[in-house]
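The values are calculated or read from the model by the stated rules, or taken from the named source; none is laboratory data. None of these values were measured; they are calculated from a predicted model. Here Cβ is always computed from backbone atoms with ideal geometry, including for glycine, and neighbour counts include all displayed protein chains. These area figures cover heavy atoms from the full protein model, side chains too; ligands, DNA and RNA do not enter into them. Shrake-Rupley method; radii C 1.70, N 1.55, O 1.52, S 1.80 Å.
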Amino acid sequence: MFNFLKGVVGGSGGGQKDLPYNIGDPYPSAWSSWSHFRGTSKDDGSPVSIFSLSGSNPQDGRLAAGRNGVKRLRTVRHPNILSFLYSTEVETVDGSGTKVTIYIVTEPAMPLSEKIKELSLEGTQRDEYYAWGLHQIAKAVSFLNNDCKLVHGNVCLESVVVTQTLDWKLHAFDVLSEYDGTGGTATGPMLPYEWLVGSQYKSVELAKSDWVAIRKSPPWAIDSWGLGCLIYEIFSGMKLGKTEELRNTASIPKSLLPDYQRLLSSTPSRRLNASKLIENSEYFQNKLVDTIHFMEILSLKDSVEKDTFFRKLPNLTEQLPRQIVLKKLFPLLTSALEYGSAAAPALTALLKIGSWLSAEEYTLKVLPTIIKLFASNDRAIRVALLQHIDQYGESLSARVVDEQVYPHVATGFVDTSSILRELTLKSMLIMAPKLSQRNLSGSLLKYLSKLQVDEEPAIRTNTTILLGNIASFLNDGTRKRVLINAFTVRALRDTFSPARGAGVMALCATSSYYDTTEIATRILPNIVVLTIDPDSDVRSKVFQAVDQFMQILKQSNEKSNAGDTAHAGSLGLASMPGNAGLLEWAMSSLTLKGKPSDQAPIAASNSVRPVTTTTAASSGLIETPSMAPVRVSSSSDFADAPAPPSPTSTDGCGEIENGIHEEQYSDKDGWDDIEPLEEPKPSSVLANIQAAQKRPVSQPKPQAATSLRSKSTVKAVATKDEDDDLWGSIAVPTPKIASKSLKVKTSGAVEDDDPWAAIAAPPPTTKAKPLSAGRGRGTKAAAPKLGAQRINRTSSSGMQ
């Protein structure tokens with residue numbers, strides 16, 4: 001350690017082994033006597049550039065100039081000047097004498113001549129990139145001449161390098177010195193090491209060593225001449241051989257030619273200042289320069305300018321050189337998004353540029369930015385992330401989604417914006433397969449339970465569709481506890497016809513998860529009554545569903561008769577070739593006009609028209625013949641239509657504002673036994689809904705049997721509320737069927753500890769006498785039974 005510090009401070013050491021960097025392969029060209037190597041850090045392996053200069057005589061003038069270059073590069077800092085990292089001077093002794101080597105370590109860069117060959121740009125893209133590079137070098141020269149009063153003295157092709165982000169940077173400071181021509185009395189050379197500069201790069205006064213004329217000239221005179229030499233070498237593609245070649249202007253762009261001639265004026269005082277070149281040159285006014293310049297001063301722009309710029313950026317990137325966009329513009333864009341200076345439309349440009357990267361680069365450069373953005377409180381950013389989740393969602397790992405992304409996304413379920421709630425809902429189609437059972441069953445289902453009674457009818461509809469699509473990711477107990485209740489107790493009884501249609505479609509798509517007993521006693525009784533639904537589209541789906549479930553029962557019966565009882569109880573989707581796909585999104589609430597309370601059910605089948613739906617390509621879903629997209633009337637068709645009575649209602653109860661039956665959606669209405677979520681204060685519409693759900697209804701004094709059943713119901717609800725285990729009873733018991741009736745809810749079932757048995761959907765009844773008699777029900781028992789259940793779910797007091 002002591003020897004290392006001695007080498008750094010005292011200028012001596014033991015050679016390359018003491019360098020904290022590994023020296024790699026050399027580049028074919030470098031300025032003057034320096035050698036340019038690729039290198040890496042021994043600590044973390046990060047890439048660097050290493051420059052070395054050797055001399056056998058410690059008093060060699062080249063070594064003295066090299067030391068001057070090290071000092072200047074260490075002290076002069078500018079975005080367009082090569083960044084200094086480390087330097088040391090090492091003395092080594094060999095058989096012939098002592099050898100001194102100076103090492104400079106900088107940020108990774110390569111010679112400009114090599115990078116131009118590598119990029120192989122042509123036409124407009126080449127001119128735009130050269131303009132950007134010259135713009136950067138001109139800013140570096142202007143900084144030295146005008147701000148620091150320094151003279152570089154050797155601006156040329158070899159003194160320019162290109163970084164990994166394709167930025168041009170100035171280096172080779174061996175000749176750099178202070179400008180002392182402001183009325184001083186100095187008589188010696190102003191540039192002590194001007195002899196290192198090639199004669200072809202020297203201006204007329206410098207070639208004559210006329211220091212009096214040089215001191216009378218402006219500080220930029222010598223370096224402006226060097227800028228002219230650099231422009232010639234770039235566009236001609238050749239290294240300048242002699243000064244006379246500068247008169248050949250055939251390769252110089254016409255828009256740059258006047259400035260080129262002024263830079264090379266024979267009169268030093270008339271040469272163009274680099275700062276004026278930046279401000280006034282027509283050549284620098286192009287798309288690439290303007291775009292990168294806007295990104296670099298993004299924090300100074302107002303929100304309108306940012307929004308306009310980022311909306312144009314995706315199309316603009318197609319016109320710019322691909323390598324510059326990826327290596328220069330893309331890092332600026334990710335940084336702007338991470339630190340909040342970019343507007344939400346910038347995400348579109350980020351994802352478009354990211355699509356040009358390889359899978360490995362996409363994971364390293366794009367996904368970390370996206371993950372950070374999910375924690376943003378900017379609602380516009382959150383909406384943009386969810387709108388484009390299909391472009392990056394598959395690249396996110398399950399662990400990242402479950403631990404870092406989902407906790408932030410889930411806040412959108414309870415957002416006051418219906419747009420954000422809907423986008424959050426649809427994003428779960430991609431995220432749900434990557435969620436753990438803890439988040440899937442313990443968190444997501446809580447939110448979906450709330451969304452099934454959302455004030456937006458389209459959100460209620462799409463919640464049902466999402467449940468059907470993610471059913472395969474739920475465990476068996478959760479499926480038995482949730483699916484049938486969600487689809488029948490809620491979806492099939494929704495006053496919004498697409499929601500009822502979605503419930504039927506979801507039951508068909510998840511038919512493989514139901515046994516024959518559930519189909520016969522809980523599913524078919526609830527869907528058969530919809531064969532007289534006012535909406536023709538719902539009726540057509542119901543008839544298909546009835547045929548499908550009847551076919552399942554027939555197959556089960558045939559297998560039972562054949563003696564194969566192993567699979568007789570569970571036949572479903574696998575047996576039905578018409579249900580090989582997933583459910584399509586029904587509709588978007590963004591296309592609905594009017595208040596949610598205006599979304600009444602469809603009054604007649606002839607008013608049905610198709611609604612614009614999310615396409616299968618964008619949602620990643622498959623549309624099958626048996627699962628056609630849900631159709632719904634526009635708001636103008638059904639806004640004023642009267643709401644017909646629900647075909648599943650027999651007690652004459654009215655409907656609340658958002659189209660949900662009061663008696664069907666109480667606090668314990670099917671699959672909402674989970675602890676309530678902490679959420680913002682509900683809106684006025686939801687407050688009315690909740691008040692209507694809890695309002696007790698006056699009822700005649702029940703008979704003895706009804707009273708006994710009511711007390712049992714209260715007891716079951718109280719027992720569940722006292723249970724601390726959220727998932728203690730998730731399995732649904734085998735339905736208990738009476739020998740002479742289809743009654744599912746007996747007093748024994750109510751007393752069971754299962755929280756779902758108390759609210760299982762009763763077999764639907766109608767007022768038609770033949771149907772009631774056929775089911776073995778008394779004509780007077782149906783209405784009191786439903787009324788008693790509703791009263792006991794809301795209050796245990798006031799009963800006689």
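Computed over protein heavy atoms with a 1.4 Å probe, the carbon and sulfur contribution to the accessible area of the stretch 21-108 reaches 46%.
Protection proxy ranking of 287-296, 21-30, by the mean of other Cβ atoms within 10 Å over each peptide's residues and highest first, is 287-296, 21-30. Here the contact order of the stretch 257-348, divided by its residue count and restricted to Cα pairs under 8 Å and six or more residues apart, works out to 27 percent. Starting from the Cα of ILE371, step 7 Å along the direction of its Cβ; do the same at GLU338; then give the gap between the two resulting points in nm. With each label point 7 Å from Cα toward Cβ, the separation is 1.2 nm.
Would you mind counting up the charge near ALA172? Only other residues with Cβ under 11 Å from its Cβ, with Lys and Arg at +1 and Asp and Glu at -1.
Here the charged neighbours net out to 0.
Of the solvent-accessible surface of the stretch 111-288, computed with a 1.4 Å probe and all protein chains present, 48% belongs to carbon and sulfur.
With Rh defined as the Kirkwood radius, the inverse of the mean 1/r over Cα pairs, the Rg/Rh of the stretch 111-288 is 0.95. Short-range pairs are left out: with C-alpha atoms under 8 Å and at least six residues apart, the relative contact order of the stretch 111-288 is 25 percent.
Backbone amide hydrogens, once placed in the peptide plane, bring SER265 within less than 5 Å of LEU272, excluding anything fewer than 5 places away on its chain. Over the stretch 111-288, accessible surface divided per residue gives 41 Å², non-protein components excluded, 1.4 Å probe.
Sum up the charges of everything whose Cβ sits under 12 Å from the Cβ of ILE484, counting Lys and Arg as +1 and Asp and Glu as -1, but leave ILE484 out. Don't skip to the end; give the middle numbers.
Details: positive: ARG479, LYS480, ARG481, ARG490, ARG522; negative: ASP515, GLU518.
Charge balance near ILE484 sits at +3.
Highest mean first, the peptides 333-342, 226-235, 445-454, 41-50 sorted by other C-beta atoms within 10 Å per residue fall in the order 226-235, 445-454, 333-342, 41-50. Stretched out straight at 0.36 nm per residue, the stretch from ARG438 to SER472 would grow longer than its current Cα-Cα span by 10.7 nm. The packing ranking, built from the mean of other Cβ atoms within 10 Å per residue, places the peptides 274-283, 533-542 in the order 533-542, 274-283, highest first. Residues whose amide H comes within less than 5 Å of that of TYR27, counting only those at least five positions distant or on another chain, are HIS36, PHE37, ARG38 (H built at 1.01 Å from N in the peptide plane). With the alpha-carbon atoms of the stretch 453-529 aligned to their principal axes, the span from lowest to highest coordinate is 33, 29, 16 Å, starting with the largest.
With one equal scatterer per alpha carbon and no solvent term, the Debye-computed log10 I(q)/I(0) for the stretch 321-361 at 0.17, 0.33 1/Å reads -0.43, -1.18. Phi-derived couplings, Karplus 6.51 cos²θ - 1.76 cosθ + 1.60 at θ = phi - 60°, listed residue by residue for the stretch 102-117: 9, 10, 10, 10, 10, 4, x, 7, 9, x, 4, 4, 6, 5, 4, 5 Hz, with x used for Gly and Pro.
Here the gap between LEU357 and GLU318, fully extended at 0.36 nm per residue and compared with their Cα-Cα distance, gives a gain of 12.6 nm. In terms of its C-alpha gyration tensor, the stretch 417-506 comes out oblate, because a/c is 1.5 or above while a/b does not outweigh b/c. Residue by residue, the stretch 131-146 carries 3J(HN,Hα) couplings of 4, 5, x, 5, 4, 5, 5, 4, 5, 5, 5, 4, 4, 5, 6, 8 Hz when phi is fed to the Karplus relation 6.51 cos²θ - 1.76 cosθ + 1.60 (θ = phi - 60°); x denotes Gly or Pro.
Placing a label point 7 Å from the Cα of GLN200 along the Cα-to-Cβ line, the residues of the stretch 223-243 whose backbone N sits under 18 Å from it are 225-243. Please compute the net charge surrounding TYR392, taking Lys and Arg as +1 and Asp and Glu as -1 over other residues with Cβ under 14 Å from its Cβ. Neighbour charge sum, excluding TYR392 itself: +1. How big is the stretch 21-108 by the Kirkwood estimate over distinct Cα pairs, in Å? Hydrodynamic radius (Kirkwood, Cα only) of the stretch 21-108 equals 13.8 Å. Here each label is just a point 7 Å from Cα along the line to Cβ, and for LEU257 and THR531 those points are 8.9 nm apart.
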